[in-house]
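Okay, so here's the structure we're looking at.
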Amino acid sequence: MTDESHGAHPSQSHHSIDPAESADSANSRESESTQPDAVPPEPQDAPDVTGSQDPQPQKAGLRRRTLLIGAAGYGALIAGVTFLALFSKSRCCKDPIPTFIDFEDSPASAAYRPAYHYSPAKGNLADPNGLVLHEGEYHLFHQQDGTWGHAVSMDMVHWKRLGTALEHDSQGLAMSGSCVVDGADTSSLVKGGGMVAVYTSTEGGEAQSLAYSTDRGRTWQRFSGNPVIPNDGRKDFRDPKVFWHEDSKAWVMIVSAGDHVSLYRSTDLKTWTHASDFGQDIGSHAAVWECPDLFPLTDTSDGRTRWVMTLSVGANEETAGSTAQYFIGDFDGSVFFPEDRETRFTDVGQDFYAAQSFEHIEGRRVWMAWLGNWNYPYSLPTGDWRGEMSIPRELSLTTLNGKRTLVQKPVPELDALRGKATDLSGLTATDTAGGAMTELGKGRTVEIDLTLDISKASEVWLGLARGEIDGKVQEVRVGVNISAGTLYLDRTDGGLTQVDGKDEGTRTDFALRREVAYHPTGSTVRLHLYLDRSSLEVFVDDGATVGSLLVFTDPGCQEIVLGATGTATITSGSLTPLSAVL
């Protein structure tokens, strides 16, 4: 197992190791994971945190803690926390054994319930948390009103909902965080090995706390010494992502701190030392930074290993809502060194936030994100449930036009959902702007994979989830304007024009069009799309450009059409129905 394959997680305990006092060079190779043969250190309940930073000023952005409290209701939350704190004492801080959730949707909830994107049975889903592979099970935890919802899967596609893993407790909410497999019990919390969750608690300010499980995540115990990194007076200090750094033999935490991220190191997950900060003078600062991640990938163009730092940017006017960005560079176990000052956005659509990668998967890097936006987090017409995850995406690096680029592709496990494909090769569309589109088929839970010859077109587009409602066409468009040099995702005719905003009593636009500079290589473009009942994910040119969009045309809108200015021809392509699994 290599660092690129989600890092090496301690899994056996034989010999002692010396904690790394300094990290390897910035140009260290992508190391083989010789898992730390560690004698667990002596338990230390009292955290030792050094080098903490003063809070930094930043532009205004939506703070998720405020919204979570609003969603739960102040009175209900206070009462609930009090009850849960008392209840947790009576059961030694152990969360209850979850059971598989069985539920029946109301008609309003069923209309847009995703067929193959994970969604909660009920309530408000947000950030993915604690993504990890452990003992053959993929674990998906997620934010749900300041608790950790939980689901498991054998393939990242067929998910079983397990209920709540981490409730509110005496330390407040259980906000976003991550999970690691502490197989060598470096924490002295999981004798024989187990899972350790590192998350943000909120009592007395945002701080980092631990929970642990020795039964494959079915029950969780809070660490008695929480928080392990207390709040030092700063306003924003949340969303820890933790991984094992094999070269320096230490756990590394990257955590958001307002207008930057902070990096910490530990050998036992309980005692953390501040190592460095990154980001005050680089990238987009349109709003607060949240939900960071850090991992190595090999550039397929030159074989060099680079580290990718990803993070999300809260709701703001500059990007008409929240967004996400990433940086590429080197990491020595303590400091991240960006290789350039380029601002790279992770997703060119409107609805992709808080992406987190799975830990402990060998040989690949896979992540998922919340298909949502903090401009309208819980305002959509989905009945009893709100929020859904992206499909899992496999990540790689490549160099395009001299710039390293993050490539995202649907995981091959999704292929198991395919029904019988319809061959679309040879179909054309010519000057359809004022006339009939070329019909490709119908469906609201489909995969569409097209290679288009655009040599004779100035613009080409797909009309999706399309139909006529009350005399007006509703659709979502994905298109390439060759003349303007843009790729666009457009839901201005998507049926839903405005929704309730993040602030009480406000309304915000939902009928939006997103554009990004795009110039096809040669005379063809590949559009690979996953359409579900309420979402669309678009992978352009093998995933070098990706866009995600929530879709709320009328559920009866099922048509899929091709349009063009000039002539566009499908040189190869298919339309494939996907089975419902959730």
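The values are calculated or read from the model by the stated rules, or taken from the named source; none is laboratory data. A quick note: this is a predicted structure, and the numbers were derived from the prediction, not measured. Glycine gets a Cβ as well: all are built from the backbone with ideal geometry, and neighbour counts include every protein chain shown. Note: accessible area is taken over every heavy atom of the protein model, side chains too, but ligands, DNA and RNA are not part of it. Shrake-Rupley method; radii C 1.70, N 1.55, O 1.52, S 1.80 Å.
From the list Asp503, Asp554, which residue is modelled with pLDDT under 95, outside any strand (DSSP E or B) and either of a type in the set (Phe, Trp, Tyr) or surrounded by fewer than 20 Cβ atoms within 10 Å (Cβ to Cβ) (or both)?
Asp503
Could you list, ordered by first residue, the pairs with Cβ atoms under 7 Å in which the first is in the range 227-249 and of a type in the set (Phe, Trp, Tyr) and the second is open to solvent by 10 Å² or more (accessible area, probe 1.4 Å), at least 6 apart or interchain?
These pairs meet every condition: Phe237/Asn231.
Against the conditions (1) among the aliphatic types (A, V, I, L, M); (2) over 24 Å from Trp374 (Cα atoms); (3) surrounded by fewer than 19 Cβ atoms within 10 Å (Cβ to Cβ); (4) at pLDDT below 85, where does Val81 fall short? Just the number, please.
(3)
Thr432 passes all but one of (1) open to solvent by 30 Å² or more (accessible area, probe 1.4 Å); (2) β-branched (Val, Ile, Thr); (3) in a loop (DSSP other than H, G, I, E, B); which number fails?
Looking at each condition in turn, Thr432 falls short on (1).
Checking Ser178 against (1) open to solvent by 10 Å² or more (accessible area, probe 1.4 Å); (2) of a type in the set (Ser, Thr, Tyr); (3) in contact with a Lys or Arg (Cβ under 8 Å, 6 or more places away or on another chain), only one condition comes out false. Which one?
(1)
Out of the range 191-222, which residues are of a type outside the set (Lys, Arg) and open to solvent by 10 Å² or more (accessible area, probe 1.4 Å)? Write out each step before concluding.
In the first step, residues of the range 191-222 are kept if they are of a type outside the set (Lys, Arg); the result is 192-215, 217, 219-221.
Within the range 191-222, Gly192, Gly193, Glu203, Gly204, Gly205, Tyr212, Thr214, Asp215, Thr219, Gln221 qualify.
Just to be sure, is Gly363 in the same structural domain as Ser176 (by the TED database), open to solvent by less than 10 Å² (accessible area, probe 1.4 Å) and in contact (Cβ under 8 Å) with a residue 12 or more places away in the chain?
The answer is no for Gly363.
Provide a single number: the residues in the range 324-347 that are assigned to a loop (DSSP other than H, G, I, E, B), in contact with a Ser or Thr (Cβ under 9 Å, 6 or more places away or on another chain) and at negative phi.
Our first condition is that a residue be assigned to a loop (DSSP other than H, G, I, E, B); within the range 324-347, this holds for 332-335, 339-343, 346-347.
Next, from what is left, pick out any that are in contact with a Ser or Thr (Cβ under 9 Å, 6 or more places away or on another chain): 332-335, 343, 346-347.
Those left that are additionally at negative phi: 332, 334-335, 343, 346-347.
Of the residues in the range 324-347, 6 are assigned to a loop (DSSP other than H, G, I, E, B), in contact with a Ser or Thr (Cβ under 9 Å, 6 or more places away or on another chain) and at negative phi.
Condition first: under 24 Å from Glu394 (Cα atoms), of a type in the set (Ser, Thr, Tyr) and not in a loop (DSSP other than H, G, I, E, B). Can you find one or more residues in the range 350-359 that meet it?
For the range 350-359, residues under 24 Å from Glu394 (Cα atoms), of a type in the set (Ser, Thr, Tyr) and not in a loop (DSSP other than H, G, I, E, B): present.
Does the range 559-581 contain any residue that is assigned to a strand (DSSP E or B), β-branched (Val, Ile, Thr) and in contact with a Gly (Cβ under 6 Å, 6 or more places away or on another chain)?
Taking every residue of the range 559-581 in turn, at least one turns out to be assigned to a strand (DSSP E or B), β-branched (Val, Ile, Thr) and in contact with a Gly (Cβ under 6 Å, 6 or more places away or on another chain).
Determine which single condition Ala275 fails, assuming it passes every other condition in (1) assigned to a strand (DSSP E or B); (2) open to solvent by less than 10 Å² (accessible area, probe 1.4 Å).
Only one criterion in (1) assigned to a strand (DSSP E or B); (2) open to solvent by less than 10 Å² (accessible area, probe 1.4 Å) is unmet by Ala275, namely (2).
Of all residues in the range 506-540, count the ones that are touching a strand residue (DSSP E or B) at 6+ places or on another chain (Cβ under 8 Å), touching a residue at least 60 places away in the same chain (Cβ under 8 Å), open to solvent by 50 Å² or more (accessible area, probe 1.4 Å) and not in a strand (DSSP E or B).
Looking only at that region, the number is 1.
Please count how many residues of the range 250-267 are open to solvent by less than 10 Å² (accessible area, probe 1.4 Å) and outside any strand (DSSP E or B).
So the count comes out to 2.
I'd like to check something: does the range 402-409 contain any residue that is of a type outside the set (A, V, I, L, M, F, W, C), open to solvent by 30 Å² or more (accessible area, probe 1.4 Å), closer than 26 Å to Leu133 by Cα and in a strand (DSSP E or B)?
yes
Looking only at the range 149-172, which residues are hydrophobic (A, V, I, L, M, F, W, C) and in contact with a His (Cβ under 7 Å, 6 or more places away or on another chain)?
Val152, Leu162, Ala165
Suppose we keep only residues that are under 24 Å from Pro128 (Cβ atoms) and touching a residue at least 40 places away in the same chain (Cβ under 8 Å) within the range 299-309. Which one would you say is surrounded by the fewest Cβ atoms within 10 Å (Cβ to Cβ)?
Arg306
Within the bounds of the range 443-450, is there any residue that is more than 24 Å from the chain's Cα centre (by Cα), within 22 Å of Ser572 (Cβ to Cβ), at pLDDT 95 or above and not in a strand (DSSP E or B)?
For the range 443-450, residues more than 24 Å from the chain's Cα centre (by Cα), within 22 Å of Ser572 (Cβ to Cβ), at pLDDT 95 or above and not in a strand (DSSP E or B): present.
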